[in-house]
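**Q** One structure, as structure tokens, below. Some questions next.
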Amino acid sequence: MKNILITGGAGFIGSHVVRRFVTKYNNYHIYNLDALTYAGNLENLVDIEKASNYTFIKGDITDEVFISNLFQKHQFDGVIHLAAESHVDRSIEDPMAFVKTNVIGTVNLLNAARKLWENNYDGKRFYHVSTDEVYGSLGAEGLFTETTPYDPNSPYSASKASSDHFVRAYGETYGLPYVITNCSNNYGPNHFPEKLIPLFIHNIINNQSLPVYGDGNYTRDWLFVKDHAIAIDLVFHQGNNHETYNIGGFNEWKNIDLVKVLCQIMDTKLGRTPGKSAELITYVKDRPGHDLRYAIDANKINLELGWSPTVTFEQGLQITIDWYLENQDWLNNVTSGEYAAYYKKQYL
Ligand code: NAD
Ligand code: TYD
């Protein structure tokens with residue numbers, strides 16, 4: 001039996017990773033450590049919460065003593081680190097929260113792993129989950145590869161870039177066995193409705209305006225969250241130590257085109273006159289430092305590990321929209337409380 005720590009497992013991507021590992025690997029005991037910030041939600045994991053190889057631990061990765069004791073207590077063999085502050089707009093409002101969790105929290109975990117493992121790194125692995133946003137912005141041409149220089153533009157991406165550098169530095173300096181993946185924009189069930197796709201699904205359902213930043217001509221590369229979880233599983237088990245892998249959907253969309261497709265599908269699902277939901281589109285003030293385009297070259301993980309997306313964008317959007325329509329209690333629960341204050345400050 002191996003003890004695996006997954007951080008941020010109550011969040012969007014983390015919950016899909018936890019579910020995959022708990023259900024697929026009964027030779028692993030999965031410890032899900034999450035502070036349950038506004039973005040963490042144990043409702044995401046009700047289906048597996050009673051599994052005998054699963055334990056939830058509420059705790060903060062920035063708490064040095066707590067983290068150190070936790071590693072000593074459970075003698076983790078591997079770490080998959082997803083806990084983070086993850087929303088660019090919030091990072092513009094409060095950069096320090098991102099420095100604390102994304103940088104200091106990551107270094108705390110690295111220190112605890114190093115202390116526990118340093119006499120014998122055999123079979124140990126620290127997996128750091130990161131973003132393509134560390135590479136900055138592309139122009140109209142080109143793709144991010146694993147050797148693209150880091151050039152982050154937002155406090156969020158700067159904090160993730162910093163954490164990536166620390167992970168790499170612990171590998172170089174102390175020999176810590178690590179892997180890093182940099183993934184493009186995810187979408188799917190359980191996505192907190194502050195990000196583009198779930199926010200717009202929520203607003204279409206509720207007949208609220210759809211706030212498109214700037215002219216809407218910004219491009220993102222979208223990947224279905226379960227395909228990200230499959231990639232994480234593969235890299236955790238078969239990736240080479242001290243390597244980075246880019247993960248992407250080969251699926252670039254301009255925001256405004258994506259929003260129009262979303263509106264069309266929602267019109268059909270909600271029985272609205274075609275074109276009705278698109279009337280909610282409102283162009284609003286642009287995000288400061290808004291990156292023009294992200295697009296991933298995922299050839300390395302494809303060629304070395306045989307990964308490629310299994311779900312088309314059309315399929316993924318259908319699954320996602322159906323999930324939100326069938327889980328409106330989830331949506332209502334996460335959009336009450338703190339979210340209402342955030343929404344008012346950001347958009348009203
Ligand atoms: P999320 O915001 O949905 O979830 C983050 C989770 O971390 C939450 O459950 C939250 O409670 C927890 N958390 C936050 N601060 C914590 C702390 N101090 N201690 C312990 N737990 C804490 O984020 P997500 O979208 O699931 O992203 C997960 C990871 O994947 C992040 O590291 C993010 O940078 C990376 N990533 C996300 C995307 C994307 O499109 N969402 C793409 C590439 C990479
Ligand atoms: P987001 O989901 O916040 O992801 P990221 O900024 O990490 O790529 O945003 C995706 C794109 O959608 C990005 O170009 C910003 C844009 N956007 C809007 O136009 N309006 C919104 O209300 C939000 C949240 C995002």
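The values are calculated or read from the model by the stated rules, or taken from the named source; none is laboratory data. What you see is a predicted model; the values in this text were computed from it and never measured. Don't worry about glycine lacking a Cβ; one is built from the backbone with ideal geometry, like all the others, and counts go over all protein chains shown.
**Q** From the residues in region 277-303 that are touching a residue at least 12 places away in the same chain (Cβ under 8 Å) and more than 29 Å from S154 (Cα to Cα), which one is surrounded by the fewest Cβ atoms within 10 Å (Cβ to Cβ)?
**A** A278
**Q** With the checklist (1) of a type in the set (A, V, I, L, M); (2) within 17 Å of I265 (Cβ to Cβ); (3) in contact (Cβ under 8 Å) with a residue 60 or more places away in the chain in hand, flag the one item L199 doesn't pass.
**A** (3)
**Q** Check Y178, Y170, Y156 and return the single one that is within 24 Å of Y245 (Cα to Cα), crowded, with 20+ Cβ neighbours inside 10 Å, under 16 Å from the mean Cα position of the chain (by Cα) and among the hydroxyl-bearing types (S, T, Y).
**A** Y156
**Q** Given region 237-340, what helices (runs of 4 or more DSSP H) lie entirely inside it while holding 3 or more residues that are under 22 Å from G188 (Cα atoms), modelled with pLDDT of 95 or more and touching a strand residue (DSSP E or B) at 6+ places or on another chain (Cβ under 7 Å)?
**A** So the answer is 255-270, 313-326.
**Q** Please find, among F166, F126, F200, the residue that is away from ligand 1 (no atom under 12 Å from the Cβ), modelled with pLDDT of 95 or more, within 19 Å of D233 (Cα to Cα) and among the hydrophobic types (A, V, I, L, M, F, W, C).
**A** F126
**Q** Out of the residues in region 88-123 meeting the condition of being over 20 Å from N241 (Cβ atoms) and among the β-branched types (V, I, T), tell me which one is farthest from ligand 1 (Cβ to nearest atom).
**A** I92
**Q** Filtering region 304-329 down to residues that are of a type in the set (A, V, I, L, M) and crowded, with 18+ Cβ neighbours inside 10 Å, which residue is farthest from ligand 2 (Cβ to nearest atom)?
**A** Restricting to residues being of a type in the set (A, V, I, L, M) and crowded, with 18+ Cβ neighbours inside 10 Å, the top hit is V311.
**Q** Just for region 203-235: of the residues that are assigned to a helix (DSSP H, G or I) and within 14 Å of ligand 1 (Cβ to nearest atom), which one is surrounded by the most Cβ atoms within 10 Å (Cβ to Cβ)?
**A** I232
**Q** For region 11-61, name all the residues that are within 16 Å of ligand 2 (Cβ to nearest atom) and either surrounded by fewer than 19 Cβ atoms within 10 Å (Cβ to Cβ) or polar (S, T, N, Q) (or both).
**A** Y38
**Q** Tell me yes or no: at least one residue of region 183-201 is within 30 Å of W117 (Cβ to Cβ), within 14 Å of ligand 2 (Cβ to nearest atom) and within 20 Å of the chain's Cα centre (by Cα).
**A** yes
**Q** Still on this structure, please answer the following. Residues of region 140-158 being part of a loop (DSSP other than H, G, I, E, B) and closer than 17 Å to P288 by Cα, which ones?
**A** Passing the criteria: D151, P152, N153, S154.
**Q** Please list, ordered by first then second residue, the pairs with beta carbon atoms under 6 Å, 6 or more apart or interchain, first in region 53-72 and at negative phi, second loosely packed, with under 15 Cβ neighbours inside 10 Å.
**A** These pairs meet every condition: N53/N26; K58/L36.
**Q** Follow-up. In this structure, does L116 turn out to be away from ligand 2 (no atom under 16 Å from the Cβ), of a type outside the set (D, E, K, R) and under 17 Å from V179 (Cα atoms)?
**A** No.
**Q** Now a separate question. What number of residues in region 301-348 are over 20 Å from the mean Cα position of the chain (by Cα) and hydrophobic (A, V, I, L, M, F, W, C)?
**A** Of the residues in region 301-348, 6 are over 20 Å from the mean Cα position of the chain (by Cα) and hydrophobic (A, V, I, L, M, F, W, C).
**Q** Considering only strands (runs of 3 or more DSSP E) fully contained in region 1-119, which possess at least 3 residues that are over 16 Å from the mean Cα position of the chain (by Cα) and within 29 Å of K345 (Cβ to Cβ)?
**A** Where strands (runs of 3 or more DSSP E) fall fully within region 1-119, none carries at least 3 residues being over 16 Å from the mean Cα position of the chain (by Cα) and within 29 Å of K345 (Cβ to Cβ).
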